[in-house]
Structure formats: structure tokens, C-alpha cells
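Trainee: My questions will all concern the structure given below.
The values are calculated or read from the model by the stated rules, or taken from the named source; none is laboratory data. Because the structure is a prediction, the values reported are computed rather than measured. Cβ placement follows ideal geometry from the backbone for every residue including glycine, while neighbour counts extend to all protein chains displayed.
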Amino acid sequence: MATNPFDQQQAIPGVKKIIAVASGKGGVGKSTVATNLALALREYGKVGLLDADIYGPSLPRMMGALNQKPTVSEGNKITPVSRYGIKIMSIGFLVEEGSAVVWRGPMLFKAMDQFFRDVQWGELDYLVIDLPPGTGDVQLSLVQKVPVNFAVIVTTPQNIALIDAKKAIDMFERTGVKIGGVIENMSYMLNPVNGEKIQLFPRGEIASYLESKKIPQLGVIPFNTSISLGSEAGIPIVESHSTSMEAKSFSEIAKKLTFLS
Ligand SMILES: Nc1ncnc2c1ncn2[C@@H]1O[C@H](COP(=O)(O)OP(=O)(O)O)[C@@H](O)[C@H]1O
Ligand SMILES: [Mg+2]
């Protein structure tokens, strides 16, 4: 008799809300948004950040934790890395930056299991999960293993990114995960000379799509070199420029997330 893979779904003890940060395309800013949202959520409780991008982990660098390593304690329990008051786990802590993780499905499923069952997350109000792009094994494994409260979809404004974001939304809907909303990243840029808005990517049909699907737009983040510099330097903008307009946008989005169940 076929078993239902969702039967293996199990809450993570002590973790109140699981938030998946996803997109269709790579490079739209998932990891940037996940790190900054995690930092902004500190205002509302204890936060964990899980890098589920097994093949392209970015969080050790983006969180300025490249030199840190999780420790393994008795009973093979893993103590996550702690940075900026956030508990972080990433496969990037375990492999050299620049070397590839070459895994097929079963190893990946095993790693995901360890992330959820063997990492000592402790008491967390929010566990933010940074997903790889697409709708593949990692996403499926996540929704089968743990009860994800909702997914936050990151996209850039143009249709090329939106087409893939729609696929991610479709996948979550089909697997019973609520869509918390969409964040439009690199929405525009302010011209440093005259303050005028520059449309970096052409604006596609995102607004009408969200309206037709009744999906909330959680916020808009502009392109700003302080954001990319912060990611590169390991000090996300919410930490380095906490009063900036961008940090405020992340705070407002974080606040909206606290109202979602
Ligand atoms: N709003 C932004 N302004 C400036 N640079 C950004 C912004 N969002 C993302 N970036 C940069 O774009 C690149 C890709 O972002 P990343 O978060 O790694 O995307 P993803 O996780 O979706 O692949 C990174 O170098 C990041 O610093
Ligand atoms: Mg990423």
C-alpha cells in the first residue's frame, strides 16, 4: 500500500513558526531577504535561520559567520552557530566555501532530516528557512517533513522572474502551504544624483497577478548597493544601517509576518 509522504510530517520541538523564503528564480534576493527578515524578526522573539540551499549555501558569508562551525554534542546533537542573536545552520559551515556538494536525493533527504531533528534549535518563535531556487527535491522534502506555517515568495518585478515565482506559488499551494505574501526585491533604484526612481528591471504583470490570486504584497525593497555590500561583508543592512529606509521596510514586513499564523 502506498504511504502518504506527508504522514512523516513532524513539528520541530520548541519551534513555534516555520517560515519558508522561496522564489522560482535564483539571484532574485532570497538569501538577502531571508537574512534581513530574520534580523528584523528579532524584535518579536527568538529567531533561527536555516540555510536549505544545499547546493549554494550563502548564509555563512551573508551572516558574517564564515569562520564559525556548529558543534556536535552527546547523542550527535548539533549546536547551531550563533550570530547577531540568531541561531544559524547551513551546510556551508561543514564544507569549504568553493567546493561542491554532490548529492543525490537520498543524501539530501537525510541532510534535511538532520537539520530538523538533530540540530538543537531550542525555543524559537520563528525559524526562517532560506530555500534554493525552483520547485525541486529540497522544497518537497521540506513540506513533507515539517509543518511550514507559510511561504514568503521573493521576486523581482519583471515577468521573467514572475513566471518562475508563480510556479513556486503553485507548488506551495498544491502541497498545502499557505502563501504569506510576495516581496518585490530590486523593485527600483534611486538615482544618487537626483533621487529619481530608476526601473532596473521592466515592471511586469506582478500587481495584476497578485490581485487576481488575492496574494498580499508584503513589501517592496529597492536595489541599493548598501544591501549588496552588506551581504558581501557579512553585516546585513538591518544590522549595519538599522535606521535606513531599507531596514525599515524589512521591519515592516517582519511585523506583517508576526500577524500571520
Ligand atoms: N535589494 C538589493 N539591492 C542590492 N543588491 C541586492 C539586493 N537584493 C539582492 N542583492 C544582491 O543580489 C545578489 C543575489 O542575491 P541573493 O540573496 O544571493 O539571491 P538568491 O538567494 O535569490 O539567489 C547578491 O549579491 C545580493 O547581495
Ligand atoms: Mg540564495
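Trainee: Filter the stretch 213-240 down to the residues that are near ligand 1 (Cβ under 9 Å from one of its atoms), of a type in the set (A, V, I, L, M) and under 18 Å from the mean Cα position of the chain (by Cα) and list them by number.
Mentor: Those that are near ligand 1 (Cβ under 9 Å from one of its atoms), of a type in the set (A, V, I, L, M) and under 18 Å from the mean Cα position of the chain (by Cα): 221, 227, 237.
Trainee: Among the residues of the stretch 173-190 satisfying the criterion of being on the phi > 0 side of the Ramachandran plot and assigned to a strand (DSSP E or B), which is farthest from the chain's Cα centre (by Cα)?
Mentor: 186
Trainee: Taking residue 131, is it over 27 Å from residue 204 (Cβ atoms) and hydrophobic (A, V, I, L, M, F, W, C)?
Mentor: no
Matching residues to (1) within 16 Å of ligand 2 (Cβ to nearest atom); (2) surrounded by fewer than 16 Cβ atoms within 10 Å (Cβ to Cβ); (3) under 16 Å from residue 13 (Cβ atoms); (4) at pLDDT 95 or above:
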| position | (1), (2), (3), (4) |
| --- | --- |
| 49 | yes, no, no, yes |
| 62 | yes, no, no, yes |
| 72 | no, yes, no, no |
| 86 | no, no, no, yes |
| 96 | no, yes, no, no |
| 103 | no, yes, no, no |
| 111 | no, no, no, no |
| 124 | no, no, yes, yes |
| 133 | yes, no, no, yes |
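Trainee: Here's a follow-up. Output the number of residues of the stretch 199-245 satisfying the condition of being part of a loop (DSSP other than H, G, I, E, B), closer than 16 Å to residue 35 by Cα and free of Cβ contacts under 8 Å to residues at least 12 places away in the same chain.
Mentor: 1
This table checks each residue for (1) in contact with a Lys or Arg (Cβ under 8 Å, 6 or more places away or on another chain); (2) more than 21 Å from residue 134 (Cα to Cα).
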position	(1), (2)
14	no, yes
21	yes, no
31	no, no
44	yes, yes
71	no, yes
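Trainee: A follow-up question, please. Which members of the stretch 185-211 meet the condition of being more than 16 Å from ligand 1 (Cβ to nearest atom) and not small (Gly, Ala, Ser)?
Mentor: Those that are more than 16 Å from ligand 1 (Cβ to nearest atom) and not small (Gly, Ala, Ser): 193, 194, 196, 202, 205, 209, 210, 211.
Trainee: How many of the residues making up the stretch 201-250 are surrounded by fewer than 13 Cβ atoms within 10 Å (Cβ to Cβ) and hydroxyl-bearing (Ser, Thr, Tyr)?
Mentor: 4
Trainee: Same structure again: Does residue 33 satisfy the condition of being of a type outside the set (Lys, Arg) and away from ligand 2 (no atom under 16 Å from the Cβ)?
Mentor: No, not satisfied.
Trainee: Can you find a residue that is out of contact with any helix residue (DSSP H, G or I) (no Cβ under 7 Å at 6 or more places or on another chain) and under 20 Å from residue 218 (Cβ atoms) anywhere in the stretch 113-125?
Mentor: no
Trainee: Considering only residues of the stretch 138-166 that are within 16 Å of ligand 2 (Cβ to nearest atom), in a helix (DSSP H, G or I) and touching a Gly at 6+ places or on another chain (Cβ under 6 Å), which is farthest from residue 43 (Cα to Cα)?
Mentor: Here the residue is 164.
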